[in-house]
Amino acid sequence: MVRDHLVLSRGGRRAGCGQVTESVTPQDLAAVERQLGREARGVVEVAHRCPCGAPDVLRTLPRLPDSTPFPTSFYVTCPRLTGAISTLEGEGVMKEMSARLATDVDLAERYAAAHEDYLERRSQLGQVPEIEGISAGGMPSRVKCLHVLVGHSLAAGPGVNPLGDEALVMLPEWWAAGSCCGWGESADVEDS
């Protein structure tokens, strides 16, 4: 399977660019609970917002409230986004990306830098010896989870995670059908 590995999506705009915020509100947590079908755990902030305004990536603690180590610092919550990412995974994109890492030195170096960025951002939230030096998604040597890479790209912005950026470009406009969680459809959400 051959794919274009572009940094920009159709029309020359960044795929999935939305609003980033530094705080989480009760309305955000309620929206995420509707997205996940359960209460979110260890939430620090909304790392990225869907163009519809709802949270679609959360930043989470490296140790959950029940003491479980949790290496996934950027957790994708939107079910439409996670479904679209899962489709890419099912199409073999991770295998293609991993193969390119083995032969493209520049890509491997940029991906290793993304790994270091991920570790640095997680360390800002605390140290967890059980996951020390382990980022997520297979970084730095392979691609194991596109959800992690896309979440990292959406949270950190373009140019930080090259494979997350590539996956974003491959995704359809998951937000185009409107909010997945009723964001903006009720007064309690509109006031946030």
By residue number, the members of region 57-68 that are of a type in the set (A, V, I, L, M), part of a strand (DSSP E or B) and more than 17 Å from Arg38 (Cα to Cα) are none
Has region 69-87 got any residue that is of a type outside the set (D, E, K, R), more than 21 Å from Ala156 (Cα to Cα) and either assigned to a strand (DSSP E or B) or modelled with pLDDT under 95 (or both)? yes
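On the basis of being surrounded by 13 or more Cβ atoms within 10 Å (Cβ to Cβ), over 18 Å from Asn161 (Cα atoms) and in contact (Cβ under 8 Å) with a residue 40 or more places away in the chain, does Leu125 make the cut?
Values: surrounded by 13 or more Cβ atoms within 10 Å (Cβ to Cβ): yes; over 18 Å from Asn161 (Cα atoms): yes; in contact (Cβ under 8 Å) with a residue 40 or more places away in the chain: yes.
So Leu125 passes the test.
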Taking helices (runs of 4 or more DSSP H) that do not extend beyond region 97-192, which have at least 1 residues that are aromatic (Phe, Trp, Tyr) and closer than 24 Å to Pro79 by Cα? 105-123
In region 21-42, what count of residues is obtained for those that are within 24 Å of Arg121 (Cα to Cα) and in contact with a helix residue (DSSP H, G or I) (Cβ under 7 Å, 6 or more places away or on another chain)? 2
Based on this model, can you work out whether Val32 counts as buried (at least 16 other Cβ atoms within 10 Å of the Cβ), of a type outside the set (Asp, Glu), in contact (Cβ under 8 Å) with a residue 40 or more places away in the chain and closer than 18 Å to Ala156 by Cα? no
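The values are calculated or read from the model by the stated rules, or taken from the named source; none is laboratory data. The model shown is predicted, which means the values in this text are computed figures rather than measured ones. When we count neighbours, we look across all protein chains shown, and the Cβ atoms used for this are built from the backbone with ideal geometry, even at glycine.
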